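Bear in mind these aren't lab numbers, they're just calculated from the coordinates by the rules spelled out. Treat the numbers as computed from the prediction; the structure is a model and nothing was measured. Cβ placement follows ideal geometry from the backbone for every residue including glycine, while neighbour counts extend to all protein chains displayed.
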Amino acid sequence: MKRVEKVGEESNINKENLIKAIGDLFAGGTETTSTTILWTILYFLHHPDKQTRCYKEIQDIIGSGRLPSMKDRPSMPYTQAVVHEVLRIVNIGVFGLPHSVDEDIIFHGYHMPKGTVVIPNLDSVLSDDKIWGDPDVFRPDRFLDENGQLVKREEFIPFSMGRRICLAEYMAKMELFLFMTTLMQRFEFKPVDPDNLPTLKGVFGITHAPSKYEVRAIPR
């Protein structure tokens, strides 16, 4: 930015756009990450066996004497699979951001003139029973192969796809891994009333968030 200003070139690399870009990253990354963490804890209340399995992996790889780091991530496929399954089953964004067609095209028999606004329905892929078999079931193992290693699924598109994929995808995955492993390392999450679990029905707003619920966070 300083180089462009020094030579007097006209460019979009300026302070105004820098501030807006950073604001977008913070807003997008904070809201979606915190909401995903809330969903993950909620699903742990409904599936305590999944929480136990994650904690075992944390103890095997990290232990309790230090904080998790990104170097641990490749060695923790099940924890990654849990995050993937939460992102898939709840689909924080539901719809992708609006795009526009840059030229007249025919797509599956539909004529789309140049400039047509297109909003991708991500949920139609992430909850398709032809792809996932049992999309309404919380099953992290669907992202693991026969050797227990993480599998990259082409249909896993919670951050959209293509050249306009979510800019904060890698930052979000990093945050989710570090926050969730640290929380699970330090706390066990249990329901306030085991006979009356919080609903898994979400609330639609800027993101698809869980309904408000209470949880017991018990120090390990």
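Couple of notes before you dig in:
- Only one of Met180, Met161 that is part of a helix (DSSP H, G or I) and of a type outside the set (Asp, Glu): Met180
- Among residues of the range 170-195 that are more than 16 Å from Pro74 (Cα to Cα), those with a Cβ under 9 angstrom from a residue that is outside any helix (DSSP H, G or I) and among the polar types (S, T, N, Q), sequence gap 6+ or separate chain, pair up as Gln185/Ser64; Arg186/Ser64.
- Test: residue in the range 59-81 that is within 23 Å of Val203 (Cβ to Cβ), buried (at least 18 other Cβ atoms within 10 Å of the Cβ) and under 21 Å from the mean Cα position of the chain (by Cα): no
- Figure legend. Inter-residue proximity from the range 97-126: first residues without any contact (Cβ under 8 Å) to a residue 12 or more places away in the chain, second residues part of a loop (DSSP other than H, G, I, E, B) and not β-branched (Val, Ile, Thr), beta-carbon distance below 6 Å, spacing 6+ or different chains. Indicated pairs: Glu103/Lys114; Asp104/Pro113; Asp104/Lys114.
- Filter pass, Thr207 being in contact (Cβ under 8 Å) with a residue 24 or more places away in the chain, more than 22 Å from Thr79 (Cβ to Cβ) and surrounded by 18 or more Cβ atoms within 10 Å (Cβ to Cβ): yes
- With respect to (1) more than 16 Å from Leu38 (Cβ to Cβ); (2) within 18 Å of the chain's Cα centre (by Cα); (3) surrounded by 12 or more Cβ atoms within 10 Å (Cβ to Cβ), the lone exception for Gly202 is condition (1).
- Selection status of Asp72, in a loop (DSSP other than H, G, I, E, B) and acidic (Asp, Glu): no
- Count of the range 164-177 residues which are under 22 Å from Ser127 (Cα atoms), small (Gly, Ala, Ser) and assigned to a loop (DSSP other than H, G, I, E, B): 0
- Exactly one residue out of Gly115, Gly148 is exposed (fewer than 13 other Cβ atoms within 10 Å of the Cβ), touching a strand residue (DSSP E or B) at 6+ places or on another chain (Cβ under 9 Å) and part of a loop (DSSP other than H, G, I, E, B), and it is Gly115.
- Look at the range 28-39: where a residue is aromatic (Phe, Trp, Tyr) and a partner is in a helix (DSSP H, G or I), sitting 6+ places away or on another chain with Cβ atoms under 9 Å, you get Trp39/Val86; Trp39/Leu87; Trp39/Ile89; Trp39/Val90.
- Residue count for the range 167-199 satisfying the condition of being farther than 20 Å from Gly29 by Cα, buried (at least 18 other Cβ atoms within 10 Å of the Cβ) and among the aliphatic types (A, V, I, L, M): 1.
- Which listed residue, of Val117, Val151, is touching a Ser or Thr at 6+ places or on another chain (Cβ under 9 Å) and of a type in the set (Val, Ile, Thr): Val117
- Per this entry, Leu45 is counted among residues that are closer than 19 Å to Ala217 by Cβ, more than 17 Å from the chain's Cα centre (by Cα) and part of a helix (DSSP H, G or I).
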